[in-house]
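Written below as structure tokens is the structure these notes are about.
The values are calculated or read from the model by the stated rules, or taken from the named source; none is laboratory data. What you see is a predicted model, and the numbers here were worked out from it, not measured in a lab. Here the Cβ is made from the backbone with ideal geometry for all residues, glycine too, and neighbour counts use every protein chain on show.
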Amino acid sequence: MEKFRVKDNIHGSFIIKTSTNFPIKSGLASSSSCYAGLALCLRDIFNLSEIETGEIARIGSGSACRSLYSGLVHWKVPNNML
């Protein structure tokens, strides 16, 4: 997250409180959807690109980047993660 602080000249910190009504422990990738939602909120706050939004989503859950888009999504692992 440090690169986003530097990019947007952000000092200090903030608290994020979230909730969900998505069923947990049901095998439906509930944690991925939560992290994707959080990443989309951060995208709007910090004016992030699609790539940066995907990077943030993957910090919480590797497959969360697939929940950023509708339809059938293929997660291509970046070369720096291999």
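Tabulated data for the structure shown
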item	result
Members of segment 50-66 that are modelled with pLDDT under 80 and outside any loop (DSSP other than H, G, I, E, B)	60, 62, 63, 65, 66
Residue that is surrounded by the most Cβ atoms within 10 Å (Cβ to Cβ), among those in segment 38-49 that are part of a helix (DSSP H, G or I), touching a helix residue (DSSP H, G or I) at 6+ places or on another chain (Cβ under 8 Å) and modelled with pLDDT of 85 or more	39
Test: residue in segment 20-31 that is at pLDDT 75 or above and not in a loop (DSSP other than H, G, I, E, B)	yes
Odd one out for residue 4 among (1) at pLDDT 80 or above; (2) part of a helix (DSSP H, G or I); (3) in contact with a Leu (Cβ under 9 Å, 6 or more places away or on another chain)	(1)
Residue that is nearest to residue 30 (Cα to Cα) [pool: residues in segment 46-58 that are hydrophobic (A, V, I, L, M, F, W, C) and touching a residue at least 12 places away in the same chain (Cβ under 8 Å)]	57
